[in-house]
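**Student:** Take a look at this one; I'll ask things after.
Read-outs throughout are calculated quantities, based only on the coordinates presented, and are distinct from any laboratory measurement. Here the structure is a predicted model, which is why all the values come from computation and not from measurement. Methodologically, a virtual Cβ is constructed for each residue, glycine included, from the backbone with ideal geometry; neighbour enumeration extends over all protein chains shown.
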Amino acid sequence: MLRVAHVIQAVDDRSGGTSSAFLEVLAALATQPDLAPVAYSIRPPDTDAAASAIRAHPDRWRLADSLGRTLAPGALGRLVRDDLARGGIDVLHLHGIWSPDLLAAARAARRAGVPIVWQPHGMLLSHAIAKKALKKKLFMRLGLAAALRGTAAYVFCSAGERDDSVLPAGCDLSRRHVIVLPVTIPANEADIPRLRAEGRERLGLQADAPLVVFLGRLHPVKRLELTLRAFAAAAPRLPQSARLALLGSGDEGYVRSLRDLAASLGVADRVLWPGWISGEDKWRMLAAADALILNSVHENFGYTVPEALGVHTPVVMTDNLSLAADVAAAGPMARIVRPDPAPVADAIASLLTAPPAPEARADARRWVLSTFSPTAIGSALAGLYRALPAPARAGATEAARA
């Protein structure tokens with residue numbers, strides 16, 4: 001059994017897409033009989049969805065209660081470091097980048113001669129590095145660059161992320177690998193009509209009312225102003241019963257600005273604000289929709305797109321997103337457009353007034369199952385781990401310099 005440690009700062013469902021991806025990767029690895037993955041994270045709230053996953057398999061988790069600051073690791077980094085020193089880890093797989101705990105774990109792995117797999121989850125994209133650039137540049141100089149150069153494999157979730165990520169000078173680009181993230185969708189296709197009916201009932205919609213949804217954080221990076229402007233532009237071509245549901249939560253001031261914009265566009269009474277959605281409700285809402293919209297400034301992956309396709313819901317997606325080229329394979333179930341109100345509005349109107357045929361919906365679901373299958377992704381990661389070269393154990397002087 002290959003003992004693989006997966007480390008992330010936080011795994012609660014409000015920590016964004018990286019935590020969701022982490023849980024999906026763990027589920028994919030559980031399909032591989034020759035792997036023994038153990039997850040390291042800060043302890044989530046007891047009411048969080050991740051807490052349920054932890055309670056189901058407590059033997060697969062190692063939890064800490066504090067994170068590091070500046071360059072000093074917290075309890076999380078120390079926990080991983082101590083387990084590496086005891087020889088309990090064969091491969092270290094790190095999720096994220098800008099963390100003293102991840103850096104401490106990488107340094108400890110070098111000392112122990114344990115190969116490192118680093119999955120940045122979009123945090124090395126140029127636009128991501130540009131945020132708090134001076135702080136990140138300093139963190140690179142003070143140890144992260146050396147740790148990245150000593151990494152055995154870099155895992156990116158799309159070719160777009162791989163090509164647009166900035167690795168420090170001296171990193172071996174031949175060690176870059178593209179392995180898409182696994183996506184788990186409702187197993188029984190026959191459940192989709194029930195989920196759709198339940199979601200629409202919860203939203204108080206008429207059975208035939210057209211519905212566009214966004215699912216995620218209400219944050220400026222999601223470019224929800226564009227979503228509202230596009231919906232407002234499409235509205236005259238839609239029945240009066242058409243609705244846009246913004247499924248998520250965010251900063252109170254930002255949400256208020258979105259409500260004000262909806263009012264100024266004349267669609268305030270056609271926009272729904274159900275709040276944060278998780279668990280089974282996520283599938284109800286995605287199945288209830290007649291189109292999902294995603295036009296963020298950037299998305300490392302964009303989980304909601306294959307999830308929507310998996311429950312027969314077509315998608316409108318802007319062409320700047322990393323997964324856009326892949327999603328084009330979904331054919332008539334996907335509209336890939338420029339990030340401007342007019343083409344987004346046209347895509348919304350076309351999907352809601354001339355919806356894809358049932359055969360196209362079934363084909364898109366099959367594409368999701370074949371492309372993002374947890375078993376296939378688990379197998380790809382297992383193959384990567386087995387092929388990793390075992391690095392020489394770092395000497396004390398070299399480790400101190402790192």
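**Student:** Using Cβ contacts closer than 10 Å as the measure, can you line up S99, S264 from fewest to most? Walk me through the intermediate numbers first.
**Tutor:** On the way: S99 25, S264 11.
Listing S99, S264 from fewest to most nearby Cβ atoms yields S264, S99.
**Student:** Here is a further query. Take the alpha-carbon centre of the stretch 234-280, take the same for the stretch 59-100, and report the distance between them in whole Å.
**Tutor:** Between the Cα centre of the stretch 234-280 and that of the stretch 59-100, the gap is 40 Å.
**Student:** In nanometres, what is the gap between the two model label sites at A263 and T353, each 7 Å from Cα along Cα-to-Cβ?
**Tutor:** 3.1 nm
**Student:** Using a cut-off of 14 Å between beta-carbons, work out the net charge of the residues near T371 (Lys and Arg +1, Asp and Glu -1, T371 not included).
**Tutor:** Working: positive: R365, R366; negative: E24, E307, D326, D363.
Result for the neighbourhood of T371: -2.
**Student:** Report the calculated FRET efficiency for E201 and A27 (r = Cβ-Cβ distance, R0 = 25 Å), to the nearest 0.05. Walk me through the numbers on the way to the answer.
**Tutor:** Details: r = 29 Å, r/R0 = 1.17.
The formula returns an efficiency of 0.30 here.
**Student:** With 19 Å as the cut-off, how large is the P(r) tail for the stretch 189-371, expressed as percent of Cα-Cα pairs?
**Tutor:** Value for the stretch 189-371: 53 percent of Cα pairs lie more than 19 Å apart.
**Student:** Summing Lys, Arg as +1 and Asp, Glu as -1, what charge do residues with Cβ under 12 Å from the Cβ of W61 carry, W61 excluded? Walk me through the numbers on the way to the answer.
**Tutor:** On the way: positive: R43, R55, R60, R62; negative: D59.
Residues close to W61 contribute a combined charge of +3.
**Student:** Can you sort R243, R229 by how many other beta carbons sit within 10 Å, fewest first? Don't skip to the answer; put the middle values down first.
**Tutor:** Numbers: R243 23, R229 20.
So the ranking, lowest neighbour count to highest, is R229, R243.
**Student:** Okay, moving on. What ranking do V80, V91 get, fewest neighbouring Cβ atoms within 10 angstrom at the top?
**Tutor:** Numbers: V80 27, V91 24.
Least to most surrounded, the residues fall as V91, V80.
**Student:** In addition: Pairs of lysines 8 or more apart, or on different chains, with alpha carbons under 30 Å: count those in the chain, would you?
**Tutor:** Working: K131/K222; K132/K222; K135/K222; K136/K222; K137/K222; K222/K282.
Within the chain, the lysine pair count is 6.
**Student:** Enumerate the calculated ³J(HN,Hα) couplings along the stretch 328-337 in order (Karplus 6.51 cos²θ - 1.76 cosθ + 1.60, θ = phi - 60°), each rounded to whole Hz, writing x wherever the residue is Gly or Pro.
**Tutor:** Values per residue, Gly and Pro as x: 4, 5, 6, x, x, 7, 10, 10, 9, 9 Hz.
**Student:** If you don't mind, another one. Can you run phi through the Karplus equation (6.51, -1.76, 1.60; θ = phi - 60°) for the stretch 167-184 and list ³J(HN,Hα) in whole Hz, with x for Gly and Pro?
**Tutor:** 8, x, 4, x, 6, 7, 5, 6, 8, 7, 9, 9, 10, 5, 7, x, 10, 9
**Student:** If packing is taken as the average number of other Cβ atoms within 10 Å across a peptide's residues, how do 10-17, 304-311 rank, most packed first? Working shown, then result.
**Tutor:** On the way: 10-17: 19.1, 304-311: 26.2.
My ranking of the peptides, most packed first, is 304-311, 10-17.
**Student:** Taking only Cα atoms and a 10 Å spring cutoff, compute GNM fluctuations for the chain and point out the largest among H219, H121, H312.
**Tutor:** Maximum among the listed residues: H219.
**Student:** For the chain, what is the mean residue ellipticity at 222 nm derived from helices alone (per DSSP H run of n ≥ 4: -39500 (n - 2.57); sum divided by total residues; nearest 500 deg cm²/dmol)?
**Tutor:** Numbers: 18 runs with 170 residues, N = 402.
-12000 deg cm²/dmol, from helical runs alone.
**Student:** Using square roots of five times the C-alpha gyration tensor eigenvalues, list the equivalent-ellipsoid semi-axes of the stretch 110-224 in whole Å, biggest first. Can you show the working numbers first?
**Tutor:** Working: eigenvalues 336, 75, 27 Å².
So the equivalent ellipsoid measures 41, 19, 12 Å along its semi-axes.
**Student:** Filter the DSSP H helices in the chain by two things, a Kyte-Doolittle mean of at least 1.6 and an axial alpha-carbon span of 27 angstrom or more, and list the hits by number.
**Tutor:** Values: long enough: none.
None pass (Cα extent of 27 Å or more, hydropathy at least 1.6).
**Student:** Give me the net charge of E161's neighbourhood, meaning all other residues with Cβ under 14 Å from the Cβ of E161; Lys, Arg count +1, Asp, Glu -1.
**Tutor:** The answer is -2.
**Student:** Another question, then. So what are the ³J(HN,Hα) numbers for the stretch 58-70, from phi and the Karplus equation (6.51, -1.76, 1.60; θ = phi - 60°), rounded to whole Hz, Gly and Pro as x?
**Tutor:** After applying 6.51 cos²θ - 1.76 cosθ + 1.60, I find x, 5, 9, 10, 10, 10, 10, 10, 8, 9, x, 9, 6 Hz.
**Student:** Once you have the Cα-Cα distance between S241 and A328, take 0.36 nm times their residue separation minus that, and quote the gain in nm to one decimal. Don't skip to the answer; put the middle values down first.
**Tutor:** Working: separation 87, 0.36 × 87 = 31.32 nm, distance 2.95 nm.
Here the answer is 28.4 nm.
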